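A short worksheet on the structure shown next.
Rule-based calculations on the coordinates, nothing more; no lab input. All values derive from a computational prediction rather than experimental measurement. Cβ placement follows ideal geometry from the backbone for every residue including glycine, while neighbour counts extend to all protein chains displayed.
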Amino acid sequence: DLKDEIIDSELICTNCKKVFKIVSGVPVFTEDNIESKVKLTAQNFGYSWKKFSSTNKAFYKKQFFDWISPIDEKFLEGKFVLDGGCGKGHHLLMVSPFVKEAIGVDISDAAFVANENTKHLNNVHIIKADLNNLPLKNELFDYIYSVGVIHHTENPSQTTRSLFSKLKKEGIKISKENNSNH
């Protein structure tokens, strides 16, 4: 229920006492002092997703499921998923009818666009964070996808390891290069 959502507030880490803001319903875990190359990439993608914020559900659904094949709607049923680099949230719109819950993460201000595009969905939540420094427990998700994002990160291998650490031990890892399970 949207009336129960926290729109503007703060989160305080119980361990380090660091304060993180919630801005327009989005918890913000990024810092202003991120590396300049990472910051530039985030700004460019953030601008693009804000400028082209509309979504075409029919087009994106087919495209998205083609990209994550052999994963399909049936596989996603009841799963807790992470969208690593969610942009404007259009992939989250595709999975929301099937998943139990989904978290979308983006380092750029596109996180706010994603939140606008998905705020009507009770099972989708957005955070602004770096994929290499996710403020989420390890072994939390049943399935993680990242479409067209990891190769834009400073260290794709490190980003992949960071995402895999959030996948439950029994989670499935699929390599799109050869469509084999690992």
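Could you pull out every residue, at least 5 positions away or on a different chain, whose amide H is within less than 5 Å of the one on Leu11? Hs are placed 1.01 Å off N in the peptide plane, and Pro or chain starts have none.
Phe20, Lys21, Ile22
Note down the nm distance, to one decimal, between modelled labels 7 Å out along Cα→Cβ at Glu77 and at Phe164.
3.0
Could you work out how much longer the chain between Ile7 and Lys62 gets when fully extended? Use 0.36 nm per residue separation minus the Cα distance between them, nm to one decimal.
That works out to 16.5 nm of additional length.
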